[in-house]
1. Ignoring solvent entirely, what values of log10 I(q)/I(0) come out of the Debye formula for the range 56-135 at 0.11, 0.16, 0.23 Å⁻¹ when each Cα is a single scatterer?
2. Would you mind telling me the share, in percent, of accessible area of the range 66-120 contributed by carbon and sulfur at probe 1.4 angstrom?
Amino acid sequence: MLTVGGHRILPTPVLAPGLGLEEIHEVIRLTERENTDAVRTADGELRFEYASIHLEVILTLAEKRRIRAWNAAAYIAQQVFPELTVLDSTKTPVTMLDALPRHDGVDQRSFHGMSNFPLSVAPPAWFPKAGMPNVVFS
(Lines give C-alpha, C1' and ligand atoms only; values in the text may rest on other atoms or scores of the structure.)
Protein backbone atom coordinates (compact mmCIF):
# COMPACT_ATOMS: atom_id res chain seq x y z
CA MET A 1 0.00 0.00 0.00
CA LEU A 2 1.20 3.52 -0.83
CA THR A 3 -0.09 6.71 0.77
CA VAL A 4 0.56 10.00 -1.04
CA GLY A 5 -0.84 13.35 0.05
CA GLY A 6 -3.60 11.73 2.08
CA HIS A 7 -4.57 9.39 -0.78
CA ARG A 8 -4.13 5.64 -0.36
CA ILE A 9 -3.11 3.53 -3.36
CA LEU A 10 -3.79 -0.18 -3.08
CA PRO A 11 -2.38 -2.89 -5.34
CA THR A 12 -5.01 -4.35 -7.65
CA PRO A 13 -5.01 -7.83 -6.02
CA VAL A 14 -6.14 -6.20 -2.76
CA LEU A 15 -9.07 -4.48 -4.46
CA ALA A 16 -10.04 -7.30 -6.81
CA PRO A 17 -8.32 -10.61 -6.04
CA GLY A 18 -7.98 -12.89 -9.06
CA LEU A 19 -8.74 -10.22 -11.66
CA GLY A 20 -6.41 -10.09 -14.68
CA LEU A 21 -5.30 -6.99 -16.58
CA GLU A 22 -7.76 -7.55 -19.46
CA GLU A 23 -10.65 -8.02 -17.05
CA ILE A 24 -9.74 -4.85 -15.17
CA HIS A 25 -9.64 -2.91 -18.43
CA GLU A 26 -13.07 -4.24 -19.42
CA VAL A 27 -14.72 -3.63 -16.05
CA ILE A 28 -13.20 -0.43 -14.68
CA ARG A 29 -13.85 2.81 -16.56
CA LEU A 30 -13.49 6.40 -15.44
CA THR A 31 -16.62 8.52 -15.64
CA GLU A 32 -14.64 11.77 -15.89
CA ARG A 33 -11.56 10.95 -17.93
CA GLU A 34 -9.23 13.85 -18.55
CA ASN A 35 -6.31 12.17 -20.30
CA THR A 36 -5.07 8.90 -21.70
CA ASP A 37 -1.36 8.23 -21.49
CA ALA A 38 1.07 5.32 -21.17
CA VAL A 39 4.06 4.18 -19.17
CA ARG A 40 6.69 1.83 -20.55
CA THR A 41 6.95 -1.80 -19.50
CA ALA A 42 9.39 -4.48 -20.62
CA ASP A 43 6.55 -5.87 -22.79
CA GLY A 44 5.40 -2.57 -24.33
CA GLU A 45 3.18 0.32 -23.28
CA LEU A 46 0.74 0.17 -20.38
CA ARG A 47 -2.02 2.60 -21.37
CA PHE A 48 -4.02 4.25 -18.61
CA GLU A 49 -6.70 6.86 -18.15
CA TYR A 50 -6.54 9.43 -15.40
CA ALA A 51 -8.80 12.13 -14.05
CA SER A 52 -7.84 15.27 -12.17
CA ILE A 53 -7.86 13.48 -8.79
CA HIS A 54 -5.37 10.90 -10.11
CA LEU A 55 -3.20 13.65 -11.57
CA GLU A 56 -3.18 15.38 -8.18
CA VAL A 57 -1.82 12.21 -6.51
CA ILE A 58 0.86 11.82 -9.21
CA LEU A 59 1.93 15.47 -9.03
CA THR A 60 2.01 15.41 -5.21
CA LEU A 61 4.26 12.35 -5.26
CA ALA A 62 6.47 13.92 -7.95
CA GLU A 63 6.84 17.21 -6.06
CA LYS A 64 7.45 15.55 -2.72
CA ARG A 65 10.17 13.24 -4.13
CA ARG A 66 11.51 15.72 -6.74
CA ILE A 67 11.01 13.24 -9.57
CA ARG A 68 9.38 13.58 -12.96
CA ALA A 69 5.59 13.13 -12.84
CA TRP A 70 5.82 10.40 -15.48
CA ASN A 71 8.21 8.47 -13.23
CA ALA A 72 5.78 8.91 -10.34
CA ALA A 73 3.06 7.39 -12.53
CA ALA A 74 5.44 4.55 -13.45
CA TYR A 75 6.13 3.88 -9.77
CA ILE A 76 2.40 3.79 -8.97
CA ALA A 77 1.83 1.45 -11.94
CA GLN A 78 4.56 -0.85 -10.64
CA GLN A 79 2.92 -0.89 -7.20
CA VAL A 80 -0.53 -1.59 -8.65
CA PHE A 81 0.73 -4.23 -11.12
CA PRO A 82 3.76 -5.83 -9.41
CA GLU A 83 3.90 -8.63 -11.99
CA LEU A 84 4.89 -6.13 -14.72
CA THR A 85 8.38 -4.79 -15.29
CA VAL A 86 7.60 -1.07 -15.46
CA LEU A 87 10.37 1.18 -16.84
CA ASP A 88 11.17 4.74 -15.78
CA SER A 89 12.02 7.62 -18.14
CA THR A 90 15.59 6.30 -18.53
CA LYS A 91 14.24 2.82 -19.47
CA THR A 92 15.44 1.36 -16.16
CA PRO A 93 13.12 -1.06 -14.32
CA VAL A 94 11.26 0.66 -11.49
CA THR A 95 12.17 -0.91 -8.16
CA MET A 96 12.21 1.72 -5.42
CA LEU A 97 10.87 5.24 -5.19
CA ASP A 98 14.24 6.58 -4.07
CA ALA A 99 15.96 5.08 -7.14
CA LEU A 100 13.92 7.11 -9.67
CA PRO A 101 15.75 9.86 -11.60
CA ARG A 102 15.55 13.32 -10.03
CA HIS A 103 13.69 16.21 -11.68
CA ASP A 104 15.00 19.70 -11.00
CA GLY A 105 13.39 21.31 -14.03
CA VAL A 106 10.26 23.35 -14.59
CA ASP A 107 7.17 23.31 -12.38
CA GLN A 108 5.30 20.13 -13.33
CA ARG A 109 2.04 21.21 -11.68
CA SER A 110 1.93 24.13 -14.11
CA PHE A 111 2.99 21.97 -17.08
CA HIS A 112 0.82 18.89 -16.55
CA GLY A 113 -1.91 20.20 -14.26
CA MET A 114 -2.68 23.72 -15.40
CA SER A 115 -1.62 23.36 -19.03
CA ASN A 116 -2.82 19.76 -19.47
CA PHE A 117 0.28 18.33 -21.16
CA PRO A 118 0.30 14.49 -20.98
CA LEU A 119 2.64 12.96 -18.38
CA SER A 120 4.70 11.27 -21.09
CA VAL A 121 5.68 14.69 -22.50
CA ALA A 122 8.84 15.95 -20.81
CA PRO A 123 8.57 19.58 -19.68
CA PRO A 124 10.95 21.78 -21.73
CA ALA A 125 13.37 24.08 -19.90
CA TRP A 126 11.74 27.19 -21.42
CA PHE A 127 8.24 26.42 -20.10
CA PRO A 128 6.87 29.41 -18.12
CA LYS A 129 6.12 28.95 -14.39
CA ALA A 130 2.58 30.29 -14.82
CA GLY A 131 1.81 27.72 -17.53
CA MET A 132 0.07 28.02 -20.86
CA PRO A 133 -3.64 27.72 -19.97
CA ASN A 134 -4.91 27.83 -23.58
CA VAL A 135 -3.19 24.56 -24.57
CA VAL A 136 -5.52 21.52 -24.47
CA PHE A 137 -4.70 17.90 -25.31
CA SER A 138 -7.09 14.99 -25.55
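The values are calculated or read from the model by the stated rules, or taken from the named source; none is laboratory data. The model shown is predicted, which means the values in this text are computed figures rather than measured ones. Side chains are part of the model used for accessible areas, which takes the heavy atoms of the whole protein and leaves out ligands, DNA and RNA. Shrake-Rupley method; radii C 1.70, N 1.55, O 1.52, S 1.80 Å.
1. -0.27, -0.56, -1.03
2. The C+S portion of the solvent-accessible surface of the range 66-120 is 54 percent.
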